[in-house]
Amino acid sequence: MEEKRIKEEILNLDWNNEEEVQKRAIEFLSKIDPKYYHLIFSEGYKQTWENSMEIVRRIGYPQNIPFIPDLLQMMQDINWPGARMAVDILCAMDLDVLQPQLERTITTAFNDNDDMWLMGLDILVEEWAEVHGTRFPLADIFYEQLKTWDPGDSDVNIDFTVKPV
């Protein structure tokens, strides 16, 4: 019963619904059991993404860690609804939590030859550094890979080991 209600409320996140319907859905979904978090994006669609980001923001860090893969997917097009909010949410996360998943996502974006996604990830890396007042440790590796990237190569292996200076 609860899963059915959650799926119904996710549909209420649609920006075409009345504002009050959207607000009630956000309020309800911000308090669901974490075992249902996977439904927020799997059941949603583009018209629900911005409100979905508001839910992730309200859930807060560190409880929103399970959403990292979905948030990184939003970087595929920084113009998508909710993508800028995803950057803000990711920038609030600690390096040790974000970096392993970001490394996998960067590798996937290179292997998919997805320059739009790489651009979105670049924005994330730059903004994370600005928020934290320090350079993201994998930034140099990421930028070096970008310089030598061959879009025809679909088997990119990146060594994200940060070398001592």
### Query
Is it true that some residue in the stretch 136-158 is in a loop (DSSP other than H, G, I, E, B), farther than 22 Å from ASP94 by Cβ and of a type in the set (Phe, Trp, Tyr)?
yes
### Message
Quick check on LEU124: is it under 10 Å from the mean Cα position of the chain (by Cα), under 30 Å from GLU20 (Cβ atoms) and of a type in the set (A, V, I, L, M)?
### Response
no
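Test ASP88 against the criterion of being among the acidic types (Asp, Glu) and not in a helix (DSSP H, G or I), and give yes or no.
no
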### Query
With respect to GLY60, is the statement that it is of a type in the set (Gly, Ala, Ser) and out of contact with any Ser or Thr (no Cβ under 8 Å at 6 or more places or on another chain) true?
yes
#### Entry: the stretch 100-125, subset among the hydroxyl-bearing types (Ser, Thr, Tyr) and touching a residue at least 12 places away in the same chain (Cβ under 8 Å), residue farthest from PHE142 (Cα to Cα)
THR105
### Task
Just name the residue that is surrounded by the most Cβ atoms within 10 Å (Cβ to Cβ) out of those in the stretch 24-77 that are assigned to a loop (DSSP other than H, G, I, E, B) and aromatic (Phe, Trp, Tyr).
TYR37
### Query
So which residues in the stretch 92-107 are surrounded by fewer than 17 Cβ atoms within 10 Å (Cβ to Cβ) and in contact with a helix residue (DSSP H, G or I) (Cβ under 8 Å, 6 or more places away or on another chain)?
ALA92, LEU95, VAL97, GLN101
### Task
Working carefully through the options ILE89, ILE68, ILE106, find the one that is among the hydrophobic types (A, V, I, L, M, F, W, C) and at pLDDT below 95.
ILE106
### Message
Regarding the stretch 119-129, can at least one residue be identified that is modelled with pLDDT of 90 or more and either surrounded by fewer than 13 Cβ atoms within 10 Å (Cβ to Cβ) or assigned to a loop (DSSP other than H, G, I, E, B) (or both)?
### Response
no
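The values are calculated or read from the model by the stated rules, or taken from the named source; none is laboratory data. Here the structure is a predicted model, which means the values were calculated and not measured. Reconstructed Cβ throughout: ideal geometry from the backbone, glycine too, with neighbour counts over all protein chains shown.
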